Amino acid sequence: MQIYKHWHLKRDSDDIAWLTIDRDGETTNTLGREVIEELDAILQALHDNVPSGLVILSGKDSGFIAGADIREFEAFTEASAVTEQVKKGHAVFAKLESLACPTVAAIKGFCLGGGYELALCCNYIIAFDSDDTRVGLPEVKLGIIPGLGGTVRLSERVGGMNGMTAMLTGKLYRVSQARGLGMIDEVVSRHGDLRWAARRAVLKKRKARRPGMVARLSNSNIAREKLAAQMVKKTSAKANPDHYPAPFRLIDLWKEHRGDRNAMFNAEAEQIGQLMVTPAARGLQRVFHLMERLKGLGKKEDFKCRRVHVIGAGVMGGDIAAWCAMQGMEVTVQDREMKYIEPAVARAKKLFKRRTRSAHAAKATLARFIPDVEGKGVARADVIIEAIYENVEAKQALYKDIEPRMKEHAVLATNTSAIPLETLSTVLSNPQRLIGLHFFNPVAKMPLVEVVHAQNTDATMISRGSAFCGQINRFPLPVKSSPGFLVNRVLAPYMLEAMKMFDEGMSMESIDAAALHFGMPMGPIELADTVGLDVGLSVVQKLGGDGADKAVERLQKMVDDGVLGKKSGQGFYQWTNGKPVKQKNDSENAPSDEQIESMATRLLKPFLDECRACSEEGIVEDDDLLDAGIIFGTGFAPFHGGPMHYLKTHS
């Protein structure tokens, strides 16, 4: 029997062929050129000697197949070369689709992109119900579209509307959701056997169920015209086609070619070739690699946190505690009186109800969120997070009180947004143990946590802090202790510049529009309201800078009047149902495209200048980590690939 490098093929006594992918030399299965060439040879052999059935599964614990090997496509500079390679992949997948026997994809773990496109070529898809099993086509998040037949086969399998929604959002689905949509055919319970279920499916010659009448009709010519217009409108509300062309190309592809299968395959190959070499795709692919690097920082230390103690049940402290409980940890929450913890409990209940899979799961999660006025959890906690108000003396008094009661190897962290660790740690008998874990608001949405360290901080504590971030599904960014750390330091001059422009008579809406024009997800005025004007005031007071006095005076008055931004319903904007009420400029007063461009350049100059300064001072290890921190901490336009990358490519 032929020996392959990346695949293992065996036939059993029922003549079922078991094809296992186990990419050589890699911890994760991806579909590189060599892997697909071997699959081609295997499928040809199976066509020549057809088995009674074929089951495809993974030999790696990390998952099924993560997708195509994006590293290979990054080497291409010509769209035609990408298209040629994609068409070769199409031909191989067509061999799997046309194999004259029952075919089953048996999935456990992630099955994404090209991996799910391969599964779609099978008659039947089975998935094991584990916490990490996910299926989906997330290519739009890389600035491209599915390119191995996914645009064709998914819209056939689940209907046009469901298929396009899955591709346009790039959502990764749990098995129950995927089964409901028809993206998979059978769920194997956690007590079941994936191989046995796959064997049964082959022997019974099971096939995917056809989508319902409504789903099928959504692919019709008349429906596509109307649905495509709705899709464009909905997508435009979230993405600018000039910045993110991929989803709009996908809509056009489906609208124009869904009626002709072969034409749609060819158009898919052409479109992905054109998109792959765009600056937007290159920038988003760079962001993907930066994200993987941050994830790696959370895996360096073998540290397992089971119990967390949070001191300070305000918005940040309470939400940090709730997020940790969501990740399966036991969390004790301390404040001066129970009345200060009760609002945090109420917010936690809403989060758990919204984010967990069932009422039972929400109740179980809430049981791990434990009010603790007396602070008994200090002695049992693996990680203690201080999140009280920004006052040096108050924080230091707290540290002196709790340090004697802490476990020897527990992590002590502060969520301060700007106070240097060197100042806070002086009262500790072991000042080397204090780190910063600086979360961002809203905690449940912002993926970055700055792991702050001073010159004398114990390296083990830095690693444990990073590992803790990884455990709670957050990206750790080690940063030096300095005023504002990285993210707030960069944001402060940006926000101040916005306020100067406001003082000069420019409208809030125009200032925010200029930031959106550059590609920021939110304008600086709306961002100030979202973060909280009290938080902004604290940061501006500490970081200062040219023009800060006037901004401090305005913010102080607003805060004194109870005008705190989104959380109070009124800030620079009035907030209704969680959204800012913005006035539309009439055509006569609306700034021209040239004016918006000029405003964007002015707004971003202090932002980029501060990034340069942070780079020169070594606030983070290197420019790649600086780019990662600014992208995931501020939302800096991802398609630009990060501020330092932007400066290098636009100099």
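Structural remarks
- Residue 192 meets the conditions (1) small (Gly, Ala, Ser); (2) in a loop (DSSP other than H, G, I, E, B); (3) within 29 Å of residue 83 (Cα to Cα) in every case but one. The failed one is (3).
- Residue ID - modelled with the lowest pLDDT, chosen from residues in segment 67-84 that are small (Gly, Ala, Ser) and surrounded by fewer than 23 Cβ atoms within 10 Å (Cβ to Cβ): 75
- Residues of segment 196-215 that are surrounded by 14 or more Cβ atoms within 10 Å (Cβ to Cβ) and assigned to a helix (DSSP H, G or I): 197, 198, 199, 200, 201, 202, 215.
- Some residue of segment 366-374 being part of a helix (DSSP H, G or I) and within 26 Å of the chain's Cα centre (by Cα): yes
- Only helices (runs of 4 or more DSSP H) whose full extent lies in segment 112-176 are considered here, and the ones with at least 3 residues that are more than 28 Å from residue 289 (Cβ to Cβ) and in contact with a helix residue (DSSP H, G or I) (Cβ under 9 Å, 6 or more places away or on another chain) are 150-158, 160-169.
- Segment 530-563, residues that are farther than 23 Å from residue 490 by Cβ and not in a helix (DSSP H, G or I): 561, 562, 563
- Here residue 585 meets each of (1) modelled with pLDDT under 95; (2) closer than 30 Å to residue 455 by Cβ with one exception, condition (2).
- Residue list for segment 302-344, restricted to those being touching a strand residue (DSSP E or B) at 6+ places or on another chain (Cβ under 9 Å), more than 27 Å from residue 460 (Cα to Cα) and surrounded by fewer than 19 Cβ atoms within 10 Å (Cβ to Cβ): 338, 342
- Selection within segment 606-632: residues that are buried (at least 21 other Cβ atoms within 10 Å of the Cβ) and among the small types (Gly, Ala, Ser). The member of this set that is nearest to residue 485 (Cα to Cα) is 629.
- With respect to being crowded, with 20+ Cβ neighbours inside 10 Å, at pLDDT below 95, in the same structural domain as residue 595 (by TED's automatic domain parsing) and not in a loop (DSSP other than H, G, I, E, B), residue 514 falls outside the description.
- Subset of segment 111-139 (residues that are under 19 Å from residue 276 (Cα atoms) and surrounded by fewer than 24 Cβ atoms within 10 Å (Cβ to Cβ)): 112, 138
- From 312, 377, 317, residue being more than 26 Å from the chain's Cα centre (by Cα), touching a residue at least 24 places away in the same chain (Cβ under 8 Å), assigned by TED's automatic domain parsing to the domain that holds residue 417 and under 26 Å from residue 447 (Cβ atoms): 312
- Output for segment 203-216, where each listed residue is over 22 Å from residue 130 (Cβ atoms) and either touching a residue at least 12 places away in the same chain (Cβ under 8 Å) or among the aromatic types (Phe, Trp, Tyr) (or both): 203, 205, 207, 209, 211, 212, 214, 215, 216
The values are calculated or read from the model by the stated rules, or taken from the named source; none is laboratory data. All values derive from a computational prediction rather than experimental measurement. Quick reminder, even Gly has a Cβ in these numbers, built from the backbone with ideal geometry, and neighbours come from all protein chains shown.
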